Amino acid sequence: MKIEESKVLFEESREYFPGGVNSPVRAFGSVGGVPVFVKRASGSHIYDEDGNEYIDYVNSWGPSILGHAYGPVVDAVREACLDGLSFGAPTRKELVLGTLIRECMPSMEMMRMVSSGTEAVMSAIRAARGYTGRDKIVKFIGCYHGHSDGLLVKAGSGALTESAPDSAGVPASYIEHTLLARYNDEDSVKKLFSEFPDEIGALVVEPVAANMGLVPPKPGFLEFLREITAKYGAVLIFDEVITGFRMGLGGAQGYYGVVPDMTALGKIAGGGMPMGVYGGKKEIMEVVSPLGKVYQAGTLSGNPIATAAGIATIKTLMEKPEIYPTLEEKAGKLVKALKETLPETWVNQAGSLFSVFFTKDQVVDYDTALASDTVKYGTYFHYLLEHGIYTAPSQFEILFLSAAHTDEDIEKTCGIIKAAAGIIS
Ligand code: PMP
């Protein structure tokens, strides 16, 4: 496969952007090699600068659930552009999108639009702290909630309450109120609440963890989080940046039937344009400015192009709810191929979300995810890439399907997975 253009562009980009990229995982750091420079995408396929074509399972990390350049979404964006790109004033489109979101996710009684998932979670936590008057928050080791300072806490072992920043440039004092618990481990959560019963303002969780590879919640885990946060008066925040509109119209909260106090959305909510949304109980959201004392603002928030893309995407999903069982079925076929053909692997699936770990032991949390052989993952990744299958260039990400993936795409991918088994020893 010729990758000369990508090579040249990568070399030049390294002069301008740290690591040659504008978001770290794009640099292929953990799998090695030259990142694919994408020229365009259509449906389930992406095309690179060298003219190579790939079936895309990265899907812009989730937003393109209808497939790339989906006609009605592109038309909505084009139309919106002609009316002006940004006004910094309220619009009808924000109201329409807000109405659709609340219809799908009734727990979002009141919401605020921002421009990224990072902002959505960061702002939800600020609102929860403002509402409760408590500083401490609980997050889970291995859950990613964007790159705001207080959430970049080392996902490592050690005493659960001993947090250390995950990134240089984050003062230790910024994360002194971030307490760490283990995903799927009720005792680790109980311990924190009994130690700090009146100090925890919020517990934030990915209802399906998708940033340590895919780790679904154990049966009863989300219900337990609902109960314990209610008992101690802490706000339960579901980070549904990935799961929102992907596990179903009602997100993971609809899928599992557990209702949080607040929710953060991103990705699909903006249909591929920069968008985040946070919201929840009206009495909590009423603390946000200008109604309340929690300040949060944004020049491009509720941007008319992003809202147009979000509206067109969500309307399509509402009109075609059969998309969800179909995605799940396609995921099932890929999962079956992975399970049947790759030796010594563990595959997790929730809805249409899934990922493969190169360990034969069950993966239920960060520590067990870390048991995966990342060198084997790299070999597997490159074999797929060379055969026209674009998946996550990191073990600790997941695969995303779109409505545009055809049976032929899935069949072809299953065949290549089977062939990959031969080269992974
Ligand atoms: N929360 C979750 C669960 C995510 O997966 C991500 C990013 N993948 C974020 C928050 C941050 O979103 P963004 O990259 O749009 O800032």
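Sorting 414, 104 by the number of Cβ atoms found within 10 Å of their own Cβ, with the fewest placed first, yields 414, 104. Restriction of the GluC sites (Glu not before Pro) in the stretch 284-393 to DSSP coil positions whose beta-carbon has at most 12 other beta-carbons within 10 angstrom yields 322. Expressed in Å, the radius of gyration and Dmax of the Cα atoms of the chain are 21.1, 61. Compare 19, 270, 213 in a GNM of the chain, Cα atoms joined below 10 Å, and give the one with the largest fluctuation. Of 19, 270, 213, the most mobile in the Gaussian network model is 19. Of the residues 389, 115, 287, the one whose Cα sits farthest toward the positive end of the charge dipole of the chain, with +1 on the Cβ of Lys and Arg and -1 on the Cβ of Asp and Glu, is 287.
Taking label positions 7 Å along the Cα-Cβ direction at both residue 227 and residue 173, the computed distance is 4.0 nm, reported to one decimal. Return the percentage of antiparallel bridges among DSSP beta bridges fully within the stretch 71-319, rounded to the nearest 5 %. That works out to approximately 40 percent antiparallel.
Return the Rg/Rh ratio of the stretch 71-207 with Cα-based radii and a Kirkwood Rh. Working shown, then result.
Working: Rg = 18.7 Å, Rh = 17.4 Å.
Expressed as Rg/Rh, it is 1.08.
Quick one: Cα centre-to-centre distance for the stretch 1-30 and the stretch 84-138, in angstrom? Their Cα centres are 34 Å away from one another. Compute a Gaussian network model of the chain, connecting alpha carbons closer than 10 Å, and tell me which residue from 181, 69, 331 fluctuates the most. In this elastic network of the chain, the residue with the biggest mean-square fluctuation among 181, 69, 331 is 69.
Assuming charge only on the beta carbon of Lys and Arg (+1) and of Asp and Glu (-1), the dipole of the chain about its Cα centre is about 600 debye to the nearest 20. Take every DSSP beta bridge whose two residues both sit in the chain; close to 60 percent of them are antiparallel.
Summing Lys and Arg as +1 and Asp and Glu as -1 over all other residues whose Cβ lies under 11 Å from the Cβ of residue 196 gives a net charge of -1. Among 219, 197, 260, the largest mean-square fluctuation in a Gaussian network model of the chain, built with springs joining Cα atoms closer than 10 Å, belongs to 219. If you take the Cα centroid of the stretch 282-356 and the Cα centroid of the stretch 31-76, the two points sit 17 Å apart.
Panel order for 99, 263, by other beta carbons found within 10 Å of each beta carbon, from fewest to most: 99, 263.
Taken together, the values in this text are just the output of simple stated rules run on the coordinates, not laboratory data. Here the structure is a predicted model, which is why all the values come from computation and not from measurement. Because the Cβ atoms are built from the backbone with ideal geometry, glycine has one as well, and the counts that use them run over all protein chains shown.
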